[in-house]
Amino acid sequence: MADFWQLVDLYIGLQGGGIHRLFSKKYWNDTVLAALRTLPGSLATLLTDHARTLYQEWIDQTRDGVAPPSRVRAAGVAVPNSNGERILSPAAFLAEHLEERRNTLHGYDLTKPGQAALLAIHNGSLLQRLPEWGRFMLIALLAEPSRLIERRFLPT
């Protein structure tokens, strides 16, 4: 898993925008699935279907790790904050939780309310097939190499 988080750091360094962005539903749909659809023939269909299923699996597994289960609502996951709680969609919870999980590599700063809340309501289990993310990110990068070459996120 250390290698996986190194890969996440590499991609965030290349593309910018925060770790939660790379795991967001919008990024997955607009960038990853769009890249997979450019593959030839039935390979596009096969990998696009697999990527959709995998992303939903990640959402489900992250949501299933929420404790107590009463925090899982029809609208999403109730995350405590200073104003009571905020409801994150299951996909948003996945993205934010993974960002905070990655940030724990630098230690636990439970004085940060966001990190404490996202970590405290989860049982700590990691997604079973999370490392497959790297394969899809590589395909997305190859489908649009300008993401790397232009380095749009850096100031000029």
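All of the numbers you see were taken from the coordinates with simple rules; none came from a lab. Keep in mind it's a predicted model, so treat the numbers as computed, not measured. For neighbour counting, all protein chains shown are included, and Cβ atoms are generated from backbone atoms with ideal geometry for every residue, glycine included.
Numerical summary
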{"item": "Residues that are closer than 30 Å to S146 by Cβ, among the β-branched types (V, I, T) and surrounded by 12 or more Cβ atoms within 10 Å (Cβ to Cβ), drawn from segment 28-84", "result": "T31, V32, T38, T45, T48, I59"}
{"item": "Test: L105 is of a type outside the set (F, W, Y), surrounded by fewer than 13 Cβ atoms within 10 Å (Cβ to Cβ), in contact with a helix residue (DSSP H, G or I) (Cβ under 9 Å, 6 or more places away or on another chain) and not in a loop (DSSP other than H, G, I, E, B)", "result": "yes"}
{"item": "A143 being surrounded by 15 or more Cβ atoms within 10 Å (Cβ to Cβ) and under 26 Å from G13 (Cβ atoms)", "result": "yes"}
{"item": "Helices (runs of 4 or more DSSP H) wholly inside segment 1-92 that include at least 1 residues being of a type in the set (G, A, S) and within 26 Å of I139 (Cβ to Cβ)", "result": "2-15, 41-64"}
{"item": "Flag if R135 is assigned to a helix (DSSP H, G or I) and at negative phi", "result": "yes"}
